[in-house]
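Step one of this worksheet: look at the structure below.
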Amino acid sequence: MKRLALVLCLSLLAALVAAPQAGAAEPIKVGVLMEVTGPSAMYGQNGLKGLELAQANRPTVLGRPVSVVVADNKSDKVEASNAANRLIQHEKVAAILGPLTSGNSLAAAPVCEAASVPMISPWATNPMLTQGKQYAFRVCFIDPFQGQVGANFAVKNLKAKTAAIMVDIAQDYCVGITNFFEKAFKDLGGQVVIKTPYSSGDQEFGPQLMAIKAKNPDIIYVPAYVNEGALIARQARELGLKQPMLGGDASQADELIKIGGQAVEGLSFTTHFDENGVTTQSGQAFVKAYRAKYNEAPDSCSALTYDAYNVLLDAMEKAKSAEAKAFVPYLANTKDFPGVTGVLTLVAHDAVKPAVILQVKDGKFAFVATVNP
Amino acid sequence: MDGAQLLQQIINGLTLGSLYALIAIGYTMVYGILRLINFAHGDVLMVGCYLAWFGAVQFGLPWWAALMGSMALTALLGVLIDQGAYRPLRSAPRISALITAIGVSFFLENLGLVVFGGRPKAFERPEIFNQLYQIGDLRVLSHSVWVPIITALVLAGLLWMIYRTRLGMAMRALSRDLVTVQLMGIDTNRVVAVTFALGSALAAAGGIFWAMKYPQINPLMGVLPGLKAFVAAVLGGIGNVVGAVLGGLMLGFGEIMLVALWPELAGYRDALAFVLLIGFLLFRPSGILGQELPS
């Protein structure tokens with residue numbers, strides 16, 4: 001009898017000792033491919049803040065901890081493709097969140113596709129990213145929609161009949177969105193009087209702006225990244241161009257106002273998210289938590305990265321697996337997901353959801369309107 | 001394009017050209033003496049800008065004090081780079097020093113990323129350079145008036161130093177034959193150190209005026225101005241300070257006019273600089289003012 005009791009006790013003890021080991025399951029690795037440094041660092045660093053918050057709120061999935069591996073793509077297409085390779089081959093990640101910009105995402109997507117590793121870009125709006133791909137996803141709307149919203153705003157709110165367009169020919173995002181804007185603007189009866197190119201990294205825009213000045217358009221459409229956008233606005237005002245400026249989602253970074261100063265006052269742009277345009281409960285909770293943690297307002301990059309993380313984990317939970325083959329169908333069928341950037345449904349791997357229009361007012365981004373698709 | 005517009009473009013070209021010239025002077029000085037293409041020049045410029053930014057924003061110094069302080073500290077940095085990276089290789093093949101220069105450049109860029117962070121910082125334009133003069137349709141920023149004047153003053157000062165002082169004489173002698181000058185009992189290391197100090201201080205000044213015109217700074221901001229200044233120096237005849245100024249002006253005007261006349265070619269602006277570089281290297285490697293070196 002005594003011996004039996006001893007055996008029982010021992011086996012109980014063994015079970016107790018073994019239990020935590022069973023609980024400490026192998027972590028699920030998620031790769032995060034961001035513009036941590038380089039010209040797009042302001043977007044990438046906000047994206048990382050959103051990610052950090054998302055992981056703090058939801059550190060486990062399927063009873064396993066989520067381990068995040070961050071890779072810096074240095075805002076460079078070649079680095080983006082190399083880093084995607086490294087995350088897949090070396091780190092063996094289950095999925096990749098990022099990159100943010102369309103150009104870097106377009107560079108990383110073929111690598112993910114070839115390795116059958118799903119990639120979710122939080123912020124890349126160029127429609128080509130997901131076309132004909134099984135493993136490329138995004139949680140933001142695409143530029144045909146954003147260009148349309150911009151054109152509508154230009155015609156209805158800014159009363160524009162003629163527009164000048166400045167296009168960054170080194171960025172897939174700018175080339176894409178300016179084409180969609182141009183088409184939508186023409187369909188609404190507007191006329192594009194001049195389209196002048198520039199390249200990322202340019203700092204002198206005087207000649208282009210003088211050419212625009214000579215055409216005297218009603219508005220200037222310049223969906224630039226802020227490095228160039230802020231300088232374009234300043235030089236435009238210095239050269240005496242007084243037209244309203246309209247931008248795209250890349251305008252949403254503090255640097256626009258810090259560098260652009262007085263010159264960006266009145267600049268409006270289409271984007272994904274603003275804390276004053278929140279439509280979901282999870283969005284309100286996100287804004288509160290973000291402000292508490294970082295003492296600043298969340299932007300589109302942080303909110304969308306937050307959503308991308310949760311959309312991925314939801315798909316894994318529904319599939320009860322972290323195997324790409326198992327959860328990718330659930331990812332593709334994401335429906336009515338209550339994201340912080342609005343209720344989102346993925347159609348053909350792209351999110352369908354409302355856009356937000358913001359305007360720079362008194363050195364701050366002011367909420368103007370939400371536009372439903 | 002009407003007259004006022006043409007004049008506006010010419011003013012733009014003069015400003016950009018003077019900025020290239022200011023940066024190219026430092027480039028060409030170091031080359032003239034050591035036959036070393038100091039690829040870290042653009043990154044020294046970046047450090048100079050950050051030092052001025054810290055001076056002006058963090059310590060609230062007036063702009064001229066921030067400028068002077070930054071130039072002094074950047075001069076020190078130039079001397080340290082020479083001592084640490086280039087002096088040990090003085091007698092090594094020239095290619096080793098060139099590769100070291102590229103290494104220094106990457107080191108400064110990445111150090112900048114770690115210390116200052118990747119996000120750009122806004123650079124204030126002091127009031128004196130921020131006046132907007134309006135004459136008819138023409139708009140001129142006071143910065144555009146001052147920069148050519150400053151470049152001209154710097155050029156005059158350097159010419160005086162090179163041709164009228166003992167130090168300048170030593171520099172000229174050094175550029176002909178380092179070993180012989182050493183044998184004459186001249187402390188060549190001191191002369192080289194002074195050259196690096198001057199070149200780096202001018203890089204800082206050039207960078208700060210650059211940042212006043214394009215008011216944002218980031219750790220990679222020096223790369224393109226550095227390359228353009230190198231092109232300008234080669235165009236003018238590398239090693240020749242007057243040539244560097246001429247080359248800078250030519251490049252600045254060329255870039256502005258290319259886009260002014262053919263706005264759709266704006267994407268090729270940087271290509272223009274490098275096509276010019278290749279053309280000159282092929283057909284007139286000694287540049288506009290350079291002399292053919294006796295081999």
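Some observations on this one:
- Of all positions in the range A:291-312, at least one carries a residue that is charged (D, E, K, R), over 22 Å from A:LEU97 (Cβ atoms) and assigned by TED's automatic domain parsing to the domain that holds A:MET42.
- The residues in the range A:189-204 that are assigned to a loop (DSSP other than H, G, I, E, B), over 27 Å from the mean Cα position of the chain (by Cα) and more than 7 Å from chain B (Cβ to nearest Cβ) can be counted, and the count is 2.
- Checking every residue in the range B:74-81 against the condition of being within 14 Å of chain A (Cβ to nearest Cβ), in contact with a helix residue (DSSP H, G or I) (Cβ under 7 Å, 6 or more places away or on another chain), modelled with pLDDT of 95 or more and buried (at least 17 other Cβ atoms within 10 Å of the Cβ) gives zero matches.
- Among the residues making up the range A:59-74, those that are of a type outside the set (A, V, I, L, M, F, W, C) and in a loop (DSSP other than H, G, I, E, B) are A:PRO59, A:GLY63, A:ASN73, A:LYS74.
- Output for the range A:139-181, where each listed residue is more than 30 Å from A:ALA108 (Cα to Cα) and part of a loop (DSSP other than H, G, I, E, B): A:ASN157, A:LEU158, A:LYS159, A:ALA160, A:LYS161
- Taking the listed residues A:ALA250, A:ALA236, A:ALA224, the one that is within 25 Å of A:VAL155 (Cα to Cα), in contact with a Lys or Arg (Cβ under 9 Å, 6 or more places away or on another chain) and either assigned by TED's automatic domain parsing to the domain that holds A:SER75 or open to solvent by less than 20 Å² (accessible area, probe 1.4 Å) (or both) is A:ALA236, with no other qualifying.
- First in the range B:214-238 and within 11 Å of another protein chain (Cβ to nearest Cβ), second anywhere and assigned to a strand (DSSP E or B), Cβ under 7 Å, 6 or more apart: B:PRO215/B:ALA122; B:GLN216/B:LYS121; B:GLN216/B:ALA122; B:ILE217/B:LYS121
- Positions within the range B:110-129 being facing chain A (nearest Cβ under 10 Å) and either farther than 25 Å from A:TYR225 by Cβ or of a type in the set (Asp, Glu) (or both), in sequence order: B:GLU124
- Here A:LEU304 meets each of (1) in a helix (DSSP H, G or I); (2) over 19 Å from the mean Cα position of the chain (by Cα); (3) closer than 30 Å to A:LEU158 by Cα with one exception, condition (2).
- Under the condition of being in a helix (DSSP H, G or I), among the polar types (S, T, N, Q) and open to solvent by 70 Å² or more (accessible area, probe 1.4 Å), the residues counted in the range B:83-125 number 2.
- When A:ALA84, A:ALA56, A:ALA108 are checked against the criterion of being surrounded by fewer than 24 Cβ atoms within 10 Å (Cβ to Cβ), modelled with pLDDT of 95 or more and part of a helix (DSSP H, G or I), A:ALA56 stands alone in meeting it.
- Qualifying residue in the range B:49-68 (condition: open to solvent by 20 Å² or more (accessible area, probe 1.4 Å), of a type in the set (Val, Ile, Thr) and over 17 Å from the mean Cα position of the chain (by Cα)): yes
- Lone qualifier among A:SER282, A:SER321 - being polar (S, T, N, Q) and in a loop (DSSP other than H, G, I, E, B): A:SER321
- A:CYS140 meets the conditions (1) closer than 23 Å to A:ALA369 by Cα; (2) out of contact with any Pro (no Cβ under 9 Å at 6 or more places or on another chain) in every case but one. The failed one is (2).
The values are calculated or read from the model by the stated rules, or taken from the named source; none is laboratory data. Owing to the predicted nature of the structure, the values given are computational and were not obtained by experimental measurement. Note that each Cβ is placed from the backbone with ideal geometry, even for glycine, and that neighbours are counted across all protein chains shown. What goes into the accessible areas is simple: the full protein's heavy atoms, side chains included, and nothing from ligands, DNA or RNA. Shrake-Rupley method; radii C 1.70, N 1.55, O 1.52, S 1.80 Å.
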